[in-house]
1. With θ set to phi - 60° and the Karplus curve 6.51 cos²θ - 1.76 cosθ + 1.60, what are the ³J(HN,Hα) couplings of region B:112-127 in order, to the nearest whole Hz, using x for Gly and Pro?
2. Counting only protein heavy atoms and rolling a 1.4 Å probe, how much accessible area do A and B lose on contact, total for both sides, in Å² to 100?
3. If I model a spin label as a point 7 Å beyond the Cα along the Cα-Cβ vector, how far apart are those points for A:Arg324 and A:Tyr779 in nm?
4. Given a Förster distance of 41 Å, report the FRET efficiency between B:Leu79 and A:Asn113 from their Cβ-Cβ distance, rounded to the nearest 0.05.
5. Calculate what fraction, in whole %, of the accessible area of region B:2-135 sits on carbon and sulfur atoms when a 1.4 Å probe is rolled over the protein chains.
6. Could you sort out which of A:Lys47/A:Lys173; A:Lys348/A:Lys394; A:Lys292/A:Lys544; A:Lys480/A:Lys509; A:Lys480/A:Lys544 sit more than 26 Å apart by Cα distance in this structure?
7. Can you tell me what share of the DSSP beta bridges in region B:66-144 is antiparallel? A percent to the nearest 5 is fine.
8. Per residue Cα convex hull volume for region A:414-529, in cubic angstrom?
Amino acid sequence: MDDLLADFVAETREMLEASGGEIVAWEADPSDRARLDSIFRFVHTVKGNCGFFDFPRLERLSHAAEDALAEVRAGRRQPDSALVSAVLAIIDRIGEMTDAIEAGGEFPEGGDNALIAALEEGEPEQEGQLLASEAPASEAAGDAAKGRPTPQPTQAIQRSIRLPVDLLDEVMKGVSDLVLARNDLARRLREGGNQPTLDGPFERLSTILSGVRDSTTRMRMQRLEHLFGSFPRLVRDLSNDLGKQVMVDFEGGDVELDREMVEMVRDPLTHIVRNAIDHGIEKPVDRLMAGKREIGLLRFAARQSGNQISLVISDDGNGIDTDRLAAKAVEAGLRTPQEIAAMDERAKLDLIFEPGLSTADQVSAVSGRGVGMDVVRANILKIGGSIEVASTPKDGTSFYLRLPLTLSMMSALTVETRGQIFALPRSFADEIAFARTHMEELARAGESQMFTYRGRRIPCIALEEVLFGASAVPLDWSRKKLLVIRLATGELFALGVDQVLDHEDVVVKPIAPAIVATGLYAGTTLLDDGRPMMLLDMPSIAAKFGLVTKSRSRSDREQNDGAETNGAASQATITAMLYRGLDGRRRAVRLGLVRRIETIERSAIDIEGDRAQIVIDERLITLIGHEGSTLPEGNCRLLRLSDGASELALIVSEVLDAIDLPQNLRAPEANSEYEGIALVEGHPIPLIDGHTLFARHDRPVTETVSPTCRLPEDSEWARKILEPLVIAAGYTVLRDEADDGDLRIVIDGDAVPSSETKTPLLHLRSDRDPRGASDASIYRYDREALMAALARLRRENAA
Amino acid sequence: MTSLMLLCTIAGRQAAIPAHAIRSVIEIDAVEPIPGTPPWIVGLTALRSQALTVVDCRVALGFESAGDPVGSRAAVIALDGHLYALVVDDASDVEEIEGDIQQLRGGFGRQWADAALGMVETPRGPAIILDVPALLGLDQSEAA
């Protein structure tokens with residue numbers, strides 16, 4: 001979090017510096033649209049960032065400024081000098097607050113309302129009042145901390161410096177050239193025979209060089225995790241605000257992306273997430289009505305494909321209403337009805353990237369102001385990427401982003417076909433299989449080859465045919481090695497090659513447009529001996545051979561899987577969530593049980609003896625999975641499991657992946673905690689038994705209507721000692737005189753039940769010994785008898 | 001008007017490539033073929049840790065290939081951040097060429113029509129100036 005905060009401060013300050021000039025220019029000419037836009041973008045970004053850092057004051061200020069500026073942008077308000085000064089005052093305040101945040105201090109209270117009020121149009125009297133009421137408070141604050149409102153120079157030690165990326169690029173390029181020069185030299189040395197005086201220093205040079213190469217690579221690269229890390233919180237907060245339930249699923253967090261690129265896509269992705277939750281995913285009730293799970297799924301999947309990263313963000317919400325979008329476009333005057341009529345569905349969908357268009361009927365704090373997708377697309381295009389949207393009504397929306405990755409190291413698998421070596425990004429390869437040992441799993445349908453992978457038939461293509469065209473001689477599949485390729489969309493296919501050689505880290509360089517046009521290659525790289533090697537573009541190859549169905553997102557596949565499991569004989573797999581427990585062991589839990597994935601702070605966990613609970617959203621949830629392990633410091637990852645009524649929080653050290661397990665599990669050995677043991681990539685993975693788990697932690701469910709009980713009003717003992725017991729037994733204590741309730745408790749009263757009322761009576765006595773043989777009363781400190789009596793009466797009452 | 005041009009022969013004809021586009025002239029050492037590409041792309045060759053796309057100018061123009069390009073001379077061109085090696089029959093020196101680019105009524109022939117900017121007079125007779133982007137199938141022909 002500290003890292004993110006530092007980023008936020010640095011980014012805000014950088015934007016402040018950059019917008020300094022804009023602000024002055026705008027002041028000079030308030031009608032300058034370009035300046036206005038850039039200032040608007042600044043406050044909008046600050047607002048967005050505050051949203052997930054929880055700086056309510058900053059957010060309020062930026063939101064207010066944004067509102068006012070939006071009015072001006074929409075032409076509903078003329079910019080005047082009063083407005084300009086008010087906006088400038090807010091921007092100054094944002095700068096001061098940012099300084100305070102960096103110094104770790106609190107910015108003095110007060111003053112915000114006056115700043116916000118100054119943005120209001122007209123009504124100077126009210127303004128004056130507000131200012132007047134606000135002023136003493138801020139003065140008082142000012143007095144209390146002499147001169148605190150003035151920005152203090154921060155004296156924090158700088159542990160990082162910001163470098164221009166160009167410089168890093170240059171260094172990186174230099175280093176990769178050095179490596180190749182070293183390789184060249186190595187070859188020459190080998191050719192020249194043994195030269196002890198040279199070999200030693202050369203070895204040293206090599207070691208140093210690989211170290212330098214590693215660190216320069218790390219300098220620029222950042223795992224996408226770093227970016228994904230901020231989303232669960234954002235999603236949680238947004239869905240809480242909007243009364244929705246959203247589960248986030250990440251895949252490919254280990255894909256590395258240029259640091260600058262990570263920063264460039266952060267805002268666009270935040271926008272997409274906001275939109276997905278605000279407009280895409282429905283409220284739980286609507287979802288249930290539509291026959292979906294009440295928890296929406298927001299899925300991020302990243303893949304490296306050559307010199308590009310493909311990133312898919314999909315939700316299983318309501319999809320985009322293209323007709324409404326088109327109607328809005330007409331309304332906003334962006335298109336004529338005739339133009340709309342001539343558009344196909346795709347073109348209509350692309351309208352969401354149009355500036356000044358929003359499907360939101362109401363402007364919320366979350367999204368829907370029309371800066372959004374047009375800015376998102378502009379930013380993605382600016383960095384040389386592309387964005388596409390696909391949406392199925394009622395089923396969800398997916399955004400497909402492709403981001404360039406020009407100077408990147410990637411781990412690649414090298415394969416050989418027809419004697420030539422090719423590389424493919426390792427992240428695509430799920431598994432390598434030798435066709436010879438899997439002959440029974442190969443099958444033909446028509447002219448197509450299929451491979452049975454984990455109980456599913458997947459299409460097979462031979463690299464040889466991909467590259468050299470269909471051959472006249474039928475391919476000998478038994479001699480092929482099969483690579484199971486998993487695309488970013490989650491679809492699988494098998495690629496047949498002659499040999500799988502090795503995996504190595506390669507520097508990918510871009511290739512000429514004419515070669516890109518083949519749709520087969522994503523880049524090139526040089527082998528150690530200096531020979532060039534082509535890098536295969538797996539998604540493009542898959543698309544070329546019709547192996548991708550674009551609209552088919554993973555969420556609906558899961559629904560299909562679910563339908564199959566409910567069906568009779570067609571059961572093939574169990575979809576489960578794979579995780580690593582605190583003890584470091586990998587286990588799986590059925591995905592259906594997982595309500596959502598949560599990250600919480602250590603302090604929210606309360607463990608005392610056998611009782612372990614966790615506070616999430618003001619609710620106590622039983623914690624499991626911590627037994628016999630020490631809790632991690634800082635943040636903890638949780639899987640929130642639900643059986644529909646009650647909830648359990650399973651603490652894990654790492655959420656790994658959603659996987660498909662074979663239906664026929666191995667029976668567990670005596671350990672009934674597990675439903676069975678599955679083999680995943682050769683490792684045994686126990687599958688948690690949901691029934692046992694929830695049975696063990698089942699709590700008596702409090703009935704919605706609890707029986708009522710009347711206590712003697714004059715007794716202090718009854719109030720202080722008895723009442724809690726009665727409540728614990730499930731009764732509601734009555735105070736109202738009018739009603740007798742379901743039970744009356746009498747202390748030291750007449751032991752004979754009165755015939756006047758039908759209300760059961762429970763008699764208690766202060767003496768240890770009964771007064772006589774007919775005395776059915778209970779000694780008031782005989783807890784066991786008292787509880788038993790209460791429970792018995794409650795059962796009778798219920799019956 | 002004076003300009004520097006690399007004089008070369010392509011398919012037995014005199015041709016000239018504007019020298020400002022040329023990085024160097026190399027002798028093709030080894031080429032890694034790239035399956036699936038148009039026939040005029042011979043493959044990739046490495047030049048000091050950089051991969052060059054080897055283009056057979058004969059084929060690109062629509063003539064028969066002269067065969068294996070290994071040992072042939074090639075002009076190294078940088079275009080839009082990509083490096084190409086244009087394989088020619090032979091390349092002589094860079095020469096200072098006097099005179100304007102001229103057109104010829106009736107054109108230079110079917111093969112040359114799309115890839116020629118015009119012709120210039122050289123000490124060895126007229127030479128056709130290659131439109132490199134057009135030759136490489138890149139639409140935006142900057143020189144035109």
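1. Values per residue, Gly and Pro as x: 7, 3, 7, 10, 10, 8, x, 9, 10, 8, 10, x, 9, x, x, 9 Hz.
2. Chains A and B together bury roughly 1600 Å² of accessible area.
3. With each label placed 7 Å out from Cα toward Cβ, I get 7.0 nm.
4. The formula returns an efficiency of 0.10 here.
5. That fraction is 47 percent.
6. Details: A:Lys47/A:Lys173 37 Å; A:Lys348/A:Lys394 17 Å; A:Lys292/A:Lys544 33 Å; A:Lys480/A:Lys509 29 Å; A:Lys480/A:Lys544 21 Å.
Going by Cα-Cα distance, A:Lys47/A:Lys173; A:Lys292/A:Lys544; A:Lys480/A:Lys509 fall outside the 26 Å limit.
7. Bridges in region B:66-144 that DSSP calls antiparallel: roughly 100 percent.
8. 131 Å³
The values are calculated or read from the model by the stated rules, or taken from the named source; none is laboratory data. Everything numeric here is computed off the predicted structure, so don't read it as measured data. Backbone-built Cβ (ideal geometry, glycine too); neighbour counts: all protein chains shown. These accessible areas exclude ligands, DNA and RNA; they are computed on the full protein's heavy atoms, side chains included. Shrake-Rupley method; radii C 1.70, N 1.55, O 1.52, S 1.80 Å.
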